[in-house]
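Values quoted throughout were computed directly from the atomic coordinates according to the rules given, and no laboratory measurement underlies them. Keep in mind that what you see is a predicted model, and the values were worked out from it rather than measured. We place every Cβ from the backbone using ideal geometry, glycine too, and count neighbours over all the protein chains shown.
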Amino acid sequence: MNNRNIERVFNVAVHNLLTINGTMDYGRITETITRLANMIMDSETSEDTWWLESNGINLSDFIVGAYWHYAEWHGGQSSQGYAALSALGQVFSPNMSCMESGESYVYELLDTMATKQVIEDEI
């Protein structure tokens, strides 16, 4: 894997998360984020990788925000959310960190999408 492939998957995830005309639902976004984290883990990344940007969000903020989202929103060990959290945990270790603004933005976008999915599932 190289930065170009990582960038492609990152762009797809960000586009579908940020735009009103995105075609992916929450489950597909979760699968894409899992794939992205696995691609990062399986490739040799440079410092430049973490500064890849899509629609004003850089990859490092995206990974951290997604990690914190799935830490709260996974549905147990057999869920897609847990698979995403595990994959993200391979490339980000929270230690004593807290979210910053860009990371919080990603977290909030995923939270909104997850809440919407729960409401739609109940209807």
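Given region 51-101, what whole percent of its Cα pairs are spread farther than 13 Å? Don't skip to the answer; put the middle values down first.
Numbers: 727 of 1275 pairs.
Here the long-distance tail beyond 13 Å is 57 percent of all Cα pairs in region 51-101.
Asn95 to Arg35: extension gain in nm, 0.36 nm per residue of separation minus the Cα-Cα distance? Walk me through the intermediate numbers first.
Working: separation 60, 0.36 × 60 = 21.60 nm, distance 2.32 nm.
Result: 19.3 nm gained on full extension.
Identify, among Asn38, Gln117, Thr19, the residue whose Cα sits farthest towards the positive end of the charge dipole of region 3-122, taking +1 on the Cβ of Lys and Arg and -1 on the Cβ of Asp and Glu, with the dipole about the Cα centre.
Ranked along the dipole, the leading option is Asn38.
Please arrange Thr34, Thr49 by counting, for each residue, the other beta carbons lying within 10 Å of its beta carbon, fewest first. Could you put the intermediate results ahead of the total?
Values: Thr34 21, Thr49 17.
Sorted ascending by nearby Cβ count, the order is Thr49, Thr34.
Could you calculate, for the chain, the ratio of the Cα radius of gyration to the Kirkwood radius, expressed as Rg to Rh?
Numbers: Rg = 13.5 Å, Rh = 14.4 Å.
The Rg/Rh ratio comes out at 0.94.
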